[in-house]
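Peer 1: Here you go, one structure.
FYI, it's all coordinate maths here, none of it is from the lab. Because the structure is a prediction, the values reported are computed rather than measured. Don't worry about glycine lacking a Cβ; one is built from the backbone with ideal geometry, like all the others, and counts go over all protein chains shown.
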């Protein structure tokens, strides 16, 4: 079941997507449903992360990794208001 319909059918459930995405439809679903969160499991490419941050409205991005042996990137400036 796609995240949008699942979020509507189960409004009390917290849904966490497994991967970072930059496409408009995916970001729209996350923005429209307060119970849907986007995860950032690797690979994280800084341009993709910046693009996604500009598209998301709120605090619905969860930072995570499936590769604990990878060193984290340097902190990036907050670009949501750009």
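Peer 1: Stick to Cα atoms and the Kirkwood definition of Rh, then tell me Rg/Rh for the stretch 3-62. Show your work: numbers first, answer last.
Peer 2: Values: Rg = 11.0 Å, Rh = 11.5 Å.
Across the stretch 3-62, the Cα-based Rg/Rh ratio is 0.96.
Peer 1: Could you order the peptides 15-24, 2-11 from most to least packed, using the average number of other C-beta atoms within 10 Å per residue?
Peer 2: Values: 15-24: 14.8, 2-11: 13.2.
Answer by packing, highest mean first, reads 15-24, 2-11.
Peer 1: Please report the relative contact order for the stretch 3-62, taking Cα pairs under 8 Å with a sequence separation of at least 6, and give it as a percent rounded to a whole number.
Peer 2: Details: 80 pairs, mean separation 22.6, N = 60.
So the answer I get is 38 percent.
Peer 1: Arranged from highest to lowest average of other beta-carbon atoms within 10 Å per residue, in what order do the peptides 25-35, 53-63 appear? Show your work: numbers first, answer last.
Peer 2: On the way: 25-35: 16.4, 53-63: 13.8.
Highest mean packing first, the order is 25-35, 53-63.
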